[in-house]
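Below: one structure, written as structure tokens.
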2 protein chains.
Amino acid sequence: MSLAKFRLDYDDAMPPEDWTDRHVARWRDHWSGIAYDDEVEGIVTRIGRIARYLDRTVKDAAAASDLQESEYKTLHVLMIRDTPGSASPTELAEDLRISGAGMTGRLDALEKKGWIKRVSAIDDRRRVIIQITPKGTEIWRGAMGNRGTAEDELVSSLSARDRASLNRILKKLTVYIESLDT
Amino acid sequence: MSLAKFRLDYDDAMPPEDWTDRHVARWRDHWSGIAYDDEVEGIVTRIGRIARYLDRTVKDAAAASDLQESEYKTLHVLMIRDTPGSASPTELAEDLRISGAGMTGRLDALEKKGWIKRVSAIDDRRRVIIQITPKGTEIWRGAMGNRGTAEDELVSSLSARDRASLNRILKKLTVYIESLDT
DNA sequence: GACGAAAGATTAGCTAGCGAAGTACTTTTC
DNA sequence: GAAAAGTACTTCGCTAGCTAATCTTTCGTC
């Protein structure tokens, strides 16, 4: 009980100043005529900075396995689906939010390295099925390991209680966002 | 008091299922041999998705003022500094995290449109000073207005209490991240 | 105070990804 | 059952941004 109380106090203490605090303080005054809210700006800016950090960790994890970020991400979306390691170029392009033309380029490179292969679908010969190879699976798994570490370390700088709160509140935001696009 | 209690209950209620929940459920099993934590994955994935949504709102805000995202962002970093509307190409390139060469290209385009001008520094003639023009300021302010709206709407889907908690917890993460890079 | 090193910006050549057009199939429609 | 419309992927030409090289000016030091 007193432990719980201690935890509460500990969690609720405001952390020291960060880059965003300085940014907000500097910018508060320059928005004359435009609606401005410190708290909104703080949340939005911090989410942006955290996301950028996470992107960087993905890039580093890829580099540690001698992969380009785009190569890692392509293998990744190929693996994290209902049918792991198997998908059409169109599906992958949608997941990666790149064009079909861009996808062809990426797949060409991956195929040349022997990490995926193209097989044509028997039932519909317009379609191509991308299949990850054992070599591709192995290299993806390697990068995956490095990546987890950095994410775990970031999140473990929070108490269990903060982790749960954060997840809950973030989910409110994603639920809102997902309710927007029909 | 009873209102406060109600709010507490309301805030703490788990929101409905989102994309990330489905993603986590689907992927929990496929990580055999790799450390995996639902909560970490949830936080990381949600932050990524929210950041992407925010990026999209910036892009839309820019488009609504007939600006390319890169044009808006360039004007933006030029405006949000200690000396608003005035900076060197190198400083801008650092803020935008693009190369010097890329910066030259962007500035060429903005100068042609009459939104910035290059003046050379009197004290150090290697340096070029980028100055925003009144026309540039006006177009930036326009895009700025649209942008705030979407961000405000997103954040206002949270209670005041959740907003404060979120900001506090995010700040712990940014403090951690900023402690990493020396 | 001269000359090599450094700094700031630009130019040159390259690459990834884009949109639009093209190719090869499949489905719909009359 | 053949023409028209639609779908899946690839090719083509272009653009933005990258690295490396260059040009101009300034700084440091002997």
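Determine the dipole magnitude for segment B:40-147: charges of +1 sit on the beta-carbon of Lys and Arg, -1 on that of Asp and Glu, nothing else is charged, the reference point is the Cα centre, and the result goes in debye to the nearest 20.
Numbers: 19 positive and 15 negative charges, 29 e Å.
Roughly 140 debye for segment B:40-147.
Kindly provide the helix-only [θ] at 222 nm of chain A, computed as the sum of -39,500 (n - 2.57) over DSSP H runs of four or more divided by all residues, to the nearest 500 deg cm²/dmol?
Estimated from H runs of four or more residues: -22000 deg cm²/dmol.
Along Cα→Cβ at 7 Å, what distances in nm separate the A:ILE122 label point from those on the other copies, shortest first?
Those label-point separations list as 8.2 nm.
Taking only C-alpha pairs under 8 Å that are 6+ residues apart, what is the relative contact order of chain B in percent?
This gives 19 percent for chain B.
Starting from a label point 7 Å past Cα on the Cβ side, list the distances from A:ILE34 to the same position in the other copies, nm, shortest first.
4.0
Output the 0 to 90 degree angle, nearest 10, between the alpha-carbon long axis of helix A:2-12 and the longest principal axis computed from the alpha carbons of chain A.
The two axes meet at around 80 degrees.
On a straight-distance basis, which lysines could pair with B:LYS113 in a cross-link, Cα separation under 26 angstrom, same-chain partners fewer than 8 positions away excluded?
B:LYS59, B:LYS73, B:LYS135
How far apart, in nm, are the 7 Å Cα→Cβ label points at A:SER88 and B:TRP31?
In this crude spin-label approximation the distance works out to 3.1 nm.
Dipole magnitude of chain B about its Cα centre, charges +1 at Lys/Arg Cβ and -1 at Asp/Glu Cβ only, in debye to the nearest 20? Intermediate results must be reported in sequence, preceding the final value.
Working: 29 positive and 31 negative charges, 140 e Å.
For this selection, approximately 680 debye.
Taking the Cα centre of the protein assembly as shown as origin, sum charge times position over the Cβ atoms of Lys and Arg (+1) and Asp and Glu (-1), and report the length of that vector in debye to the nearest 20.
800 debye
Over all residues in A:20-28, what is the mean tally of Cβ atoms on other chains that come within 10 Å of each residue's Cβ?
Taking all residues of A:20-28 together, the mean is 2.
Averaged over peptide A:53-63, how many Cβ atoms belonging to another chain are found within 10 Å of each residue's Cβ?
Average neighbour count from other chains, rounded to a whole number: 2.
Quick one: accessible area per residue over segment B:28-182, 1.4 Å probe, rounded to a whole number of Å²?
Details: 7640 Å² over 155 residues.
Per residue, segment B:28-182 has an accessible area of 49 Å².
Kirkwood hydrodynamic radius, segment B:40-147, all distinct C-alpha pairs: what's the number in Å?
Evaluated on segment B:40-147, it is 14.8 Å.
Say a label goes 7 Å from Cα toward Cβ at A:PRO84 in every copy; what distances in nm does this one have to the rest, shortest first?
List, nearest first: 5.2 nm.
B plus A alone minus the pair: what accessible area, both sides summed, probe 1.4 Å, in Å² to 100?
6900 Å²
Counting only Cβ atoms, what residue of chain B lies nearest to the axis that sends chain B onto chain A, and how many whole Å off?
Residue nearest the B-to-A axis, with distance in whole Å: B:ALA51, 2.
Which of the aspartates and glutamates could a cross-linker span from B:LYS117 if the Cα-Cα distance has to be under 17 Å and same-chain partners fewer than 8 positions apart are dropped?
Within the straight-line cut-off, B:LYS117 pairs with B:GLU71, B:GLU91, B:ASP108, B:GLU138.
Using only the Cα atoms, work out Rg/Rh for the protein assembly as shown, with Rh taken as the Kirkwood radius, to two decimals.
On the way: Rg = 23.0 Å, Rh = 23.0 Å.
Result for the protein assembly as shown is an Rg/Rh of 1.00.
Rounded to two decimal places and with Rh computed the Kirkwood way over Cα pairs, what is Rg over Rh for chain A?
Rg divided by Rh gives 1.09.
Towards the positive end of the charge dipole of the protein assembly as shown, with charges on Cβ (+1 Lys, Arg; -1 Asp, Glu), say which of B:SER88, A:ALA35, B:GLY148 has the farthest Cα.
Going by the Cα projections, it comes out as B:SER88.
The values are calculated or read from the model by the stated rules, or taken from the named source; none is laboratory data. Note that the structure is a prediction, hence the values are computed from the model and not measured. Note that each Cβ is placed from the backbone with ideal geometry, even for glycine, and that neighbours are counted across all protein chains shown. Protein only, heavy atoms only, side chains kept; ligands, DNA and RNA dropped before computing areas. Shrake-Rupley method; radii C 1.70, N 1.55, O 1.52, S 1.80 Å.
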